[in-house]
1. Could you identify the single residue in Gln35, Gln47 that is part of a helix (DSSP H, G or I) and of a type outside the set (Ser, Thr, Tyr)?
2. If Pro61 passes every condition in (1) of a type outside the set (Asp, Glu); (2) more than 12 Å from the chain's Cα centre (by Cα); (3) part of a helix (DSSP H, G or I) but one, which one does it miss?
3. Looking only at the stretch 111-132, which residues are small (Gly, Ala, Ser) and either in contact (Cβ under 8 Å) with a residue 24 or more places away in the chain or within 16 Å of Pro51 (Cβ to Cβ) (or both)?
4. Looking at Ile18, Ile9 in this structure, which one is assigned to a helix (DSSP H, G or I) and among the aliphatic types (A, V, I, L, M)?
5. Output the number of residues of the stretch 97-121 satisfying the condition of being of a type in the set (A, V, I, L, M, F, W, C) and loosely packed, with under 10 Cβ neighbours inside 10 Å.
6. Please go through the stretch 75-134 and give me each residue that is under 21 Å from Asn7 (Cβ atoms), more than 13 Å from the chain's Cα centre (by Cα) and aromatic (Phe, Trp, Tyr), ordered by number.
7. Tell me the residue from Phe49, Phe124 that is modelled with pLDDT under 95 and crowded, with 16+ Cβ neighbours inside 10 Å, please.
8. I'm told Tyr106 meets every condition in (1) touching a helix residue (DSSP H, G or I) at 6+ places or on another chain (Cβ under 6 Å); (2) over 22 Å from Ile18 (Cα atoms); (3) not β-branched (Val, Ile, Thr) except one. Can you identify the failing condition by its number?
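The values are calculated or read from the model by the stated rules, or taken from the named source; none is laboratory data. Note that this is a predicted model, so its numbers are computed, not measured. Methodologically, a virtual Cβ is constructed for each residue, glycine included, from the backbone with ideal geometry; neighbour enumeration extends over all protein chains shown.
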Amino acid sequence: MPASTENKILIVDDDPVIRLMLQDFFEKKNYCIAQAEHGLESITAFQAFKPNCILMDIKMPIMSGLEACSKIRSLPDGATVPIVMMTVMNDDKTVDSCYRAGASDYICKPIHWAMLRNRVCTIFERILVESKLKKSELQYRTG
């Protein structure tokens, strides 16, 4: 799916190499990218950048991805933005914790690039369909 300026991804990871790899990967597909180094910074970046999708590591200094995910969910517009948690941890407890914190999806590191690309593409396709549905409903109601 070709991206537009509305296809904005916030990348949250304390590893600068991972952030740059993700940024490069998605910018080549015409997504608009912002980065945050830790959970606390992600909250400010979310409010300023207004992403359509967040890719967030779990283990980070200052504020974990789980805590940041919960806090973003409590913000205006934060309840609906897809948040994909990314981590090396793949145990049941961690997966359950992510979904309890409000994660929309979960992907393991090392990153399987085709899987991540397809998940993000599916997220943006769903956003497009939902937007068209809302527009259609509004047109129907207003006559």
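1. On the way: Gln35 fails: part of a helix (DSSP H, G or I).
Of the residues listed, the single one that is part of a helix (DSSP H, G or I) and of a type outside the set (Ser, Thr, Tyr) is Gln47.
2. (3)
3. Filtering the stretch 111-132 down to residues small (Gly, Ala, Ser) leaves 114, 131.
Residue satisfying the conditions is Ser131 alone.
4. Numbers: Ile9 fails: assigned to a helix (DSSP H, G or I).
Within the list Ile18, Ile9, the selection yields Ile18.
5. Within the stretch 97-121, the subset of a type in the set (A, V, I, L, M, F, W, C) is 98, 101, 103, 107-108, 111, 113-116, 120-121.
So of that shortlist, the ones also loosely packed, with under 10 Cβ neighbours inside 10 Å come out as 114.
Count: 1.
6. Listed by number, the list holds a single entry, Trp113.
7. Values: Phe49 fails: modelled with pLDDT under 95.
Going through Phe49, Phe124 in turn, just one is modelled with pLDDT under 95 and crowded, with 16+ Cβ neighbours inside 10 Å: Phe124.
8. Of (1) touching a helix residue (DSSP H, G or I) at 6+ places or on another chain (Cβ under 6 Å); (2) over 22 Å from Ile18 (Cα atoms); (3) not β-branched (Val, Ile, Thr), only one is false for Tyr106: (2).
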